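Any read-out appearing in this document is the output of simple, stated calculations on the displayed coordinates, not a laboratory observation. Note that the structure is a prediction, hence the values are computed from the model and not measured. Cβ sites come from the backbone with ideal geometry, for glycine too, and all protein chains shown count toward neighbours.
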Amino acid sequence: MLHIKCPHCGMRSQNEFSYGGDATIKRPELNKEISDQDWNNFVYNRKSLRGKHLELWQHLSGCRQWIKVERDTATHEIFKTLKANQDI
Amino acid sequence: MQKYSIFNLIKNAFSGHQNWDLAWKDATPKKEYDVIIIGGGGHGLATAYYLAKEHNITNVAIIEKGWLGGGNMGRNTTIIRSNYMHDDNALFSEFGMDLWRKMSQDLNYNVMFSPRGIINLAHSDAQMNVFARRGNSMRLNDIDAVLLNREEVKEIIPMADFSENVRFPIFGGLMQPSAGTARHDAVAWGYARQADSMGVDIIQNCEVTGFDVSGGKINGVRTSRGDIKVKKIGLCVAGSTNILAEKLNMTIPVETHLLQACVTEPVKPVLDKVVTFGAGHFYISQSDKGEMVMGGDLDGYNSYAQRGNLPTLQHVLTEGIAMMPFLSKLKMLRTWGGIMDMSMDGSPIIDKTHIEGLYLNCGWCYGGFKATPASGWTFAHTIAQDRVHKLNEGYSLSRFNTGHLLDEKGLGTKTWIS
């Protein structure tokens, strides 16, 4: 069981959270000319790193806030959790 | 190569089975190959076998980081089926079913293919309608499909929960009688033995550390056992695809996730079908040893750990017990995890890449094992002819660019959508 420290609620168990994927993916800016490739990178292509991975989780059965978690994808160790609008 | 037969078995019995040939040799890498397959799992071994058999290309090496068949080939739940609705998936899988039926003879190795049938349970009228549609699509593609009502399902699997006051009552199910299971390790060993006998080098404990690409063309591969020159490389590395893609400066529509499976203690024969739960994600069959083999959802977050967490296992087994209450009486013998190459539309990729001489085989999600022969066959064709076969046209890498997604179930990495 993962234990994730929600920046709003404190340490909670994994069951309360749902996963939102890679947090470093940025949506292309609105009203700007972008290529199909840019859009493809945003929607589909992922690095899926082995090791430190910055990702989004939602505290679904808690405060319902989206948060950022820095976690090792090989060991599942969690290094850091942040509010969604904070940068690492 | 020594043929496996009853006569050879008797002959070798006289010498106490001490004089059998090795099934394959432990090769050391040569300086140069025509084709290198990275990944010594089922798909890699099958690809090498069909390269040699169908295309007469035998200057081939398989490089494997660990040991042969030690990844997902040794961790799956051995289910073989072709109950797909979309033509691309259906025709590809049914071509594979044909190869499965002939495999033991073809490889001179008993892969214990057991076409016992699969039943997908339906738990509502709407789901019955969906299954009727899928069954009709299957039959249009010459795949056997039978829509069963509640009473018919009850006759086949009476141990499922048919009581009145359950949360997900069984309305019926869709059965593919020709689906089944096979002995997963035997498939790897059978392909390895035949490939080796035709001249393929199987090189284990050899990790790929980099690629030699220049002018948009592949020239070689760097490994922990030296650099090797090569004209063509096929990637068959399932859960390690993202790691190798990074070494090639590629980002691909695949995420690496963790999938668990488990077996109970062995019990007497009770279940002679593969059964899936329709109100969640749970599948079960009974192995020849008597263990109930079970699996279900991904753990749900990116992982390379090859071991899972309990919440997912508990969730999956809760579904199992809802479907077949007797399971709660059994003890769990083993649980394990494998790392899956989850593509974004839930369908695989077998294609060329923008790098000349580099071919990609990945994105198998939950269904890599059953695809082993068809994947090897089509990938060998793609590599040998430098063009995709009609059977794997739909599995292109560019479909994510063009919008021609193959969304059989409408979910890839996002399990929460279901």
Of the conditions (1) within 18 Å of the chain's Cα centre (by Cα); (2) more than 14 Å from every other protein chain (Cβ to nearest Cβ); (3) hydroxyl-bearing (Ser, Thr, Tyr), the single one that B:Tyr359 does not satisfy is (1)
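Among the listed residues B:Val237, B:Val254, which satisfies the condition of being within 20 Å of the chain's Cα centre (by Cα), within 14 Å of another protein chain (Cβ to nearest Cβ), over 30 Å from B:Glu291 (Cβ atoms) and crowded, with 22+ Cβ neighbours inside 10 Å? Even if it seems obvious, please write down each step before you answer.
Working: B:Val237 fails: over 30 Å from B:Glu291 (Cβ atoms).
The unique qualifying residue is B:Val254.
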Quick check on region B:401-417. Is at least one of its residues more than 14 Å from chain A (Cβ to nearest Cβ) and either in contact with a His (Cβ under 8 Å, 6 or more places away or on another chain) or assigned to a helix (DSSP H, G or I) (or both)? yes
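Would you kindly identify the strands (runs of 3 or more DSSP E) lying entirely within region A:1-82 that contain at least 1 residues that are farther than 23 Å from B:Ser240 by Cβ, free of Cβ contacts under 8 Å to residues at least 12 places away in the same chain and within 13 Å of another protein chain (Cβ to nearest Cβ)?
Values: elements: A:3-6, A:10-13, A:18-22, A:52-58, A:66-72.
Counting at least 1 such residues, we get no strands (runs of 3 or more DSSP E) at all.
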Going through region B:117-143 in order, the residues found to be under 26 Å from B:Met324 (Cα atoms) and surrounded by 17 or more Cβ atoms within 10 Å (Cβ to Cβ) are B:Gly117, B:Ile118, B:Ile119, B:Asn120, B:Leu121, B:Ala122, B:His123, B:Gln127, B:Met128, B:Phe131, B:Arg134, B:Gly135
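Consider B:Ile243 carefully, then state whether it is surrounded by fewer than 24 Cβ atoms within 10 Å (Cβ to Cβ) and within 14 Å of another protein chain (Cβ to nearest Cβ). Break it down into steps so the answer makes sense when it comes.
Values: surrounded by fewer than 24 Cβ atoms within 10 Å (Cβ to Cβ): yes; within 14 Å of another protein chain (Cβ to nearest Cβ): yes.
Spelling it out, B:Ile243 is indeed surrounded by fewer than 24 Cβ atoms within 10 Å (Cβ to Cβ) and within 14 Å of another protein chain (Cβ to nearest Cβ).
Scanning region A:44-80 for residues that are of a type in the set (A, V, I, L, M) and within 15 Å of the chain's Cα centre (by Cα), which turns out nearest to B:Arg399 (Cα to Cα)? So that I can check it myself, show each step before the final result.
So in region A:44-80, the residues of a type in the set (A, V, I, L, M) come out as A:49, A:54, A:56, A:60, A:67, A:69, A:74, A:78.
With the extra rule that they be within 15 Å of the chain's Cα centre (by Cα), the set shrinks to A:49, A:54, A:56, A:60, A:67, A:69, A:78.
Values: A:Leu49: 23, A:Leu54: 28, A:Leu56: 27, A:Leu60: 33, A:Ile67: 32, A:Val69: 31, A:Ile78: 35 Å.
It comes out as A:Leu49.
More than 15 Å from B:Gly320 (Cα to Cα) and without any contact (Cβ under 8 Å) to a residue 12 or more places away in the chain, is that true of B:Thr251? It would help to see each step written out before you state the result.
Values: more than 15 Å from B:Gly320 (Cα to Cα): yes; without any contact (Cβ under 8 Å) to a residue 12 or more places away in the chain: yes.
Answer is yes for this residue.
Using the structure shown, decide if B:Lys102 is more than 19 Å from B:Thr382 (Cα to Cα), basic (Lys, Arg), in a loop (DSSP other than H, G, I, E, B) and over 14 Å from the mean Cα position of the chain (by Cα).
So B:Lys102 fails the test.
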Scanning region B:212-237 residue by residue, the ones that are closer than 23 Å to B:Trp67 by Cβ and not hydroxyl-bearing (Ser, Thr, Tyr) total 12
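Tell me which residues, restricted to region B:387-396, are in contact (Cβ under 8 Å) with a residue 60 or more places away in the chain and surrounded by fewer than 19 Cβ atoms within 10 Å (Cβ to Cβ). Steps first, please.
Residues of region B:387-396 that are in contact (Cβ under 8 Å) with a residue 60 or more places away in the chain, as a first pass: B:391-395.
Selection gives B:Glu393 alone.
Do we find that B:Ser93 is among the polar types (S, T, N, Q), surrounded by 12 or more Cβ atoms within 10 Å (Cβ to Cβ) and part of a helix (DSSP H, G or I) in this structure?
Details: among the polar types (S, T, N, Q): yes; surrounded by 12 or more Cβ atoms within 10 Å (Cβ to Cβ): yes; part of a helix (DSSP H, G or I): yes.
Here the answer is yes, as B:Ser93 does meet what is asked.
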Residues of region B:131-178 being in contact with a Gly (Cβ under 8 Å, 6 or more places away or on another chain) and not in a loop (DSSP other than H, G, I, E, B), in sequence order, are B:Phe131, B:Val146, B:Leu147, B:Leu148, B:Asn149, B:Arg150, B:Glu152, B:Val153, B:Gly173, B:Leu174, B:Met175, B:Gln176
Within region B:192-205, of all residues that are outside any helix (DSSP H, G or I) and buried (at least 23 other Cβ atoms within 10 Å of the Cβ), the one nearest to the chain's Cα centre (by Cα) is B:Ile202
Counting only residues that are free of Cβ contacts under 8 Å to residues at least 40 places away in the same chain and farther than 15 Å from B:Lys229 by Cβ, region B:185-213 contains a total of 1
If we ask which residues in region B:160-188 are crowded, with 19+ Cβ neighbours inside 10 Å and farther than 30 Å from B:Arg139 by Cα, their number turns out to be 1
A:Gln86 meets each of (1) exposed (fewer than 13 other Cβ atoms within 10 Å of the Cβ); (2) farther than 21 Å from B:Leu298 by Cα; (3) within 10 Å of chain B (Cβ to nearest Cβ) with one exception, condition (3)
Taking region B:300-335 and the residues there that are more than 9 Å from every other protein chain (Cβ to nearest Cβ), assigned to a strand (DSSP E or B) and under 21 Å from the mean Cα position of the chain (by Cα), the one that is surrounded by the most Cβ atoms within 10 Å (Cβ to Cβ) would be B:Thr335
